[in-house]
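Derivation of every value follows stated rules applied to the coordinates shown; laboratory data play no part. Values in this document were obtained by computation on a predicted structure and should not be read as measured data. Neighbour counts are summed over all protein chains in view; Cβ atoms, including those assigned to glycine, are modelled from backbone coordinates with ideal geometry.
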Amino acid sequence: MKTQNARKRETGLARRHRRVRGKISGTAQRPRMCVTRSNNNIYVQVIDDVAGKTLLGVSTLGPDFKATGKKSGTVEGAAAIGEIVGKKALEAGITEIVFDRGGHLYHGRVKAVAEAAREAGLKF
């Protein structure tokens with residue numbers, strides 16, 4: 001059974017995510033980069049909302065991240081994920097994206113993913 005504070009936190013996150021998603025959408029030319037995070041891991045997907053397809057996905061559980069040797073729940077690990085997704089997107093021919101922070105604050109690990117993806121060559 002969840003505590004009242006845990007339920008309040010979840011509903012707030014869902015509300016913020018709906019608000020963010022109401023304003024942004026990904027296309028084939030400029031797909032949406034969606035960041036989802038938990039306490040231990042971070043997941044990034046590049047999505048074409050018009051076609052309803054995920055173009056690529058990277059997470060701290062994948063072999064690309066494991067090869068870096070960084071810890072998954074840290075800002076350094078999130079920056080490594082941003083760099084990996086930036087390189088993979090450029091290889092796939094994606095140069096511009098729309099950033100979806102998933103209802104989380106643009107701070108800490110979410111910000112680290114975005115800045116590392118920018119440094120890798122993606123334009124927001």
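Pairs of lysine in region 36-104 with Cα under 18 Å and at least 8 positions apart or on different chains: total?
Going through region 36-104 pair by pair, I get 4.
With N set to the number of residues, divide the alpha-carbon radius of gyration of the chain by 2.2 N^0.38 Å and report two decimals.
Ratio of Cα Rg to 2.2 N^0.38 Å: 1.05.
List 38, 59 from most exposed to least, where exposure is judged by having the fewest other Cβ atoms within 10 Å.
Neighbour counts put them in this order, fewest first: 38, 59.
To make sure I understand, if each residue's beta carbon is the centre and we count other beta carbons within 10 Å, what order do 13, 105 fall in, fewest to most?
Numbers: 13 13, 105 9.
Fewest-to-most Cβ neighbours within 10 Å comes out as 105, 13.
Taking the alpha-carbon distance from residue 8 and a cut-off under 18 Å, which aspartates and glutamates remain once sequence neighbours fewer than 8 residues away in the same chain are dropped?
Here the aspartates and glutamates satisfying the reach criterion relative to residue 8 do not exist.
Quick one: work out Rg over Rh on the C-alpha atoms of region 62-111, Rh as Kirkwood radius.
Dividing the radius of gyration by the Kirkwood radius yields 0.99.
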